[in-house]
Amino acid sequence: MAERERALAPPYGGLFVPRTKVMDPDDVKRAIWRMAHEIIERNHGTDRVVLIGLQTGGVPIGGRLAEAVDSVSGVMVPIGSLDVAFYRDDIGLRPVLPEAATHIPVDLTGKTVVLVDDVLFTGRTVRAALNALSDYGRARAVQLAVMVDRGHRELPIRPDYVGKNLPTRRDEMVDVSEEGVVLGDVMPR
Amino acid sequence: MTATVSATAAPGVGPAAAVRPAARLSTAKPGGRRHLLSIADLDREGIEEILRLTDMFVEVSERPIPRVPALRGKTVVSLFFEDSTRTRLSFEMAAKRLSADTMSFSVSTSAVKKGESLRDTVETIEAMGIDAIVVRHSAAGVPWQIANWTEGAAVINGGDGWHEHPTQALLDCYTIRQQRGRLDGQRIAIVGDIRHSRVARSDVLAFTALGASVTLVAPPTLLPPTLAGWPVEVSHRLDEVLPSCDVVYLLRLQRERMQEALLPSLREYTATYGLTRQRARLLVPGALIMHPGPVNRGVEIAAEVADQPNSVITRQVRNGVAVRMAVLYLLLGSGVDLGV
């Protein structure tokens, strides 16, 4: 789930006040290009690689990563999308509604799944995604690609491919969009 | 209580960084009503949110392992004072696919036989710490009454007397939208025993809320005593309605509720209001044939018509599970309040 939606959803509701532009669109493009190369390098090609974007922020980045992998290797890897709402451990603690239907185009048994998200924060979304993935088959390996790793992990989860490591305060917010990456604050209403 | 939106942009930050609205629905107020008693309590937005969520649960149902952990630790009780096959099984399956625990109560094997009152029965069940009660009862208003008695449990109407059957209407809306793309502008004929039909009452509310136009087709004896306030047209001639409808929705002739002679004979009913093979030819290609079940083959619908490709009766049943998953998830898991 895009971090912006989560931060704005009640009971954390507030206003996102952008402060610093951390990456411009060209920086994002270069990071995607580099991560695509790293994915191919790590997996010795694209054989059995499947990219799965996490709804909603990870999906456009997953699509762009797949295009970049295609440009480099000439192979369009299968891309899917995953909404982890029903697997979250905070159901009942805050409003949890799925954003869009999950679409997994292939049986994941024996595949190398690269999960893609925009921002890695506590790691709880990734934990939920790992649970969800196991319902679609036994992947050979699961890797994690994120545009921004902002720290503050609450679970033993680490990314394999990172666009940018961005030290943040817990109460800040990171917004990833077409316009690049923006660090800002959530102001109470 | 939706998150307010502001476009406070810092210098050098593009307009796309401005905030878009986040939550469409408000959070549940503590102590707020979290029941599904009637379609009348839902507005168009509420119905559409349930249908949107149903899409996700249809996807869950198609997975190799069609189960999600969303309602782990919750308990759903089905409290059925009337016979049912599909509604009860459908709710239990929906609850199990959400990893909730289910308990089933049937009158014939319970202390109701010893004379325990409805209120004591409900309070006993609730005292065990359950999260939702699905009720079916032959008297209208029982789910509402139970909702007033319970403190924590969500109450879902699984059919009350002639009043309403909201989850049936939601699955009907979903099926029509799935097959025809949308409800807006669809011409829907509801045919048969309107008088005794809670399905018809819920369907009329839901279909018209989503922009469809509804024509009721029935002999005068099988229409409600008054149709004042119903946003529908009425016809007594099925043959005139069929060529211009997109969906024909047949109702079951509820012989168990008929205490007086409302029909000369079943054969005469079939001859004038049954969807026979000849009559089915009047339908435009692609028009849907629907029925809430159980089907009286040979009475309101001919056996071979019920099995035609444009008959979506079994699809209604399949969608019923996903719709009920959406309802259970909204009431027990999502933390959002639909205002119902």
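The values are calculated or read from the model by the stated rules, or taken from the named source; none is laboratory data. Please read all numbers here as calculations on a predicted model, not as lab measurements. Quick reminder, even Gly has a Cβ in these numbers, built from the backbone with ideal geometry, and neighbours come from all protein chains shown.
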Residue in the range B:120-127 that is out of contact with any helix residue (DSSP H, G or I) (no Cβ under 9 Å at 6 or more places or on another chain) and modelled with pLDDT under 95 present: yes
Enumeration of residues in the range A:135-172 that are facing chain B (nearest Cβ under 10 Å) and not charged (D, E, K, R): A:Tyr136, A:Gly137
Count - residues of the range A:78-99 that are more than 8 Å from every other protein chain (Cβ to nearest Cβ) and not charged (D, E, K, R): 6
Residues of the range B:39-96 satisfying the condition of being closer than 20 Å to B:Val155 by Cα, within 12 Å of chain A (Cβ to nearest Cβ) and more than 19 Å from the chain's Cα centre (by Cα): B:Ala70, B:Leu71, B:Arg72, B:Gly73, B:Lys74
The lone exception for B:Arg119 - which of (1) within 14 Å of chain A (Cβ to nearest Cβ); (2) among the charged types (D, E, K, R); (3) farther than 30 Å from B:Val295 by Cα it fails: (1)
Qualifying residue in the range A:50-61 (condition: touching a Lys or Arg at 6+ places or on another chain (Cβ under 9 Å), away from chain B (no Cβ under 14 Å) and modelled with pLDDT of 95 or more): yes
Residue among B:Leu251, B:Leu266 that is in contact (Cβ under 8 Å) with a residue 60 or more places away in the chain and assigned by TED's automatic domain parsing to the domain that holds B:Val217: B:Leu251
Helices (runs of 4 or more DSSP H) fully within the range B:52-157 counting 1 or more residues that are touching a residue at least 60 places away in the same chain (Cβ under 8 Å) and among the β-branched types (Val, Ile, Thr): B:86-97, B:142-149
Test result for B:Leu37, in the same structural domain as B:Gly159 (by TED's automatic domain parsing) and either within 23 Å of B:Ser202 (Cα to Cα) or touching a Pro at 6+ places or on another chain (Cβ under 6 Å) (or both): yes
Selection count where residues are over 28 Å from A:Glu172 (Cβ atoms) and either over 16 Å from the mean Cα position of the chain (by Cα) or in contact (Cβ under 8 Å) with a residue 60 or more places away in the chain (or both), scope the range A:102-130: 9
